[in-house]
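The values are calculated or read from the model by the stated rules, or taken from the named source; none is laboratory data. Small disclaimer: the values here were computed from a predicted structure and weren't measured. Ideal geometry is used to build each Cβ from the backbone, glycine not excepted, and the neighbour counts take in all protein chains shown.
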Amino acid sequence: MAIDRYSYPFTAIVGQDQMKLALVLNAINPTIGGVLIRGEKGTGKSTAVRALARLLPDQQVVEGCHFGCHPDDPEDWCLDCRERAAAGVLPVTTRRMRVVELPINASEDRVVGTIDLEAALKEGSRRFEPGVLAEANRNILYVDEVNLLDDHIVDVLLDAAAMGINTVEREGVSVSHPSRFILVGTMNPEEGELRPQLLDRFGLCVDVEGIRDLDQRVAIVEKRAMWEDDPNKFSQQHAESEQAAKSQIAEAIATFPEVTLPRQILKLIAQISIALEVDGHRSDLVCARAAQAKAAYDRSEEVDVNHVGDVAEMVFAHRVHSVPFGKGGPNLGEVISRMVGQG
């Protein structure tokens, strides 16, 4: 799915700061593992995802590659690019980041791709018809109503997101290709929940709801009307703020690997996980990566306790089975704030 010529500007979205921050952090460091946005309809979830794509840097890709392989990253090349490189120099072009949507009724073959078994058996060739995971490589994969997908489809998506590779096996024939993407799932909890095992696989989770502030609600309607009347003019009015956000994200993408993550910060993250009685160690890894991305976004050279505090609730919101200290005790935000303050 191509981005609309005039997507609603990201910086024009009123409120929903946690949702916007979670999307930006995943764009800075996709290894965070994606973001799950839970909330009622009409809260700007899909608008924010499409708007984010316009802020991300253009990409260099191998021209004619189904998977959009990066020309300077041979370790992640698909088989076709490897063969073409052996025969000569790969042609290079640039493209914009895209939002690839997964239809809710998509079959497994549509998601992972299909192998032409007849050609494989008769000719010994690997004819592969790419699926959604091929289109999503180095793009944003947007899954609306992820809680209504079959569990095995969600498993496939999360496995590819975690490994960065999609492998298709049919009757002893195997094809693999790169599949690194920014995963964004949305859901309305009133329509059903995700299994806890799948819920934990999303790096971050934010809950959104309709804004209750009077002035903000009026601003939403006014801005939307202005955009619908003249998208070009509205986009021009926000061009400066959009360019500033785009530059800040691009800078953070370039610098986050260099951001220092002190051992005392890792200890603080571990203490929060222990206090909240979170299962496993995924929360520690995700929190460290998210805090590092937030530090890069803030143009900081080192992660501090404030960065942990900014991301911790998004990391733990969907991983806490019950709030510690029993009923009537502090909520999740209060627990995190207290521990970050002590840190």
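Kindly indicate whether A250 is buried (at least 18 other Cβ atoms within 10 Å of the Cβ), touching a residue at least 60 places away in the same chain (Cβ under 8 Å) and outside the structural domain of K20 (by TED's automatic domain parsing). For A250, the condition - buried (at least 18 other Cβ atoms within 10 Å of the Cβ), touching a residue at least 60 places away in the same chain (Cβ under 8 Å) and outside the structural domain of K20 (by TED's automatic domain parsing) - is not met.
Per-residue answers, yes or no, for (1) aliphatic (A, V, I, L, M); (2) in the same structural domain as L285 (by TED's automatic domain parsing); (3) crowded, with 18+ Cβ neighbours inside 10 Å; (4) in contact with a Gly (Cβ under 8 Å, 6 or more places away or on another chain):
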| site | (1), (2), (3), (4) |
| --- | --- |
| L23 | yes, no, yes, no |
| A27 | yes, no, yes, no |
| P30 | no, no, yes, no |
| G33 | no, no, yes, yes |
| I37 | yes, no, yes, yes |
| G42 | no, no, no, yes |
| A48 | yes, no, yes, no |
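Residues of segment 50-95 that are closer than 30 Å to N188 by Cα and either loosely packed, with under 15 Cβ neighbours inside 10 Å or of a type in the set (K, R) (or both): R50, R54. Listed by position, the strands (runs of 3 or more DSSP E) contained in segment 16-112 that have at least 3 residues being not hydroxyl-bearing (S, T, Y) are 35-39, 59-62, 99-101. Reported count of residues in segment 214-247, each being of a type in the set (A, V, I, L, M, F, W, C), more than 18 Å from Q59 (Cα to Cα) and buried (at least 16 other Cβ atoms within 10 Å of the Cβ), is 3. As a summary of the residue check, G192 satisfies the conditions (1) exposed (fewer than 12 other Cβ atoms within 10 Å of the Cβ); (2) at negative phi; (3) touching a residue at least 40 places away in the same chain (Cβ under 8 Å) except for the one numbered (2). Answer with yes or no whether A160 is among the hydrophobic types (A, V, I, L, M, F, W, C), at pLDDT 85 or above, under 15 Å from the mean Cα position of the chain (by Cα) and over 18 Å from L25 (Cβ atoms). It is false that A160 is among the hydrophobic types (A, V, I, L, M, F, W, C), at pLDDT 85 or above, under 15 Å from the mean Cα position of the chain (by Cα) and over 18 Å from L25 (Cβ atoms).
In this entry, P9 passes the filter for residues that are more than 17 Å from the chain's Cα centre (by Cα) and touching a residue at least 60 places away in the same chain (Cβ under 8 Å). The residue that is farthest from R201 (Cα to Cα), counting only those in segment 271-313 that are free of Cβ contacts under 8 Å to residues at least 12 places away in the same chain and outside any helix (DSSP H, G or I), is D298.
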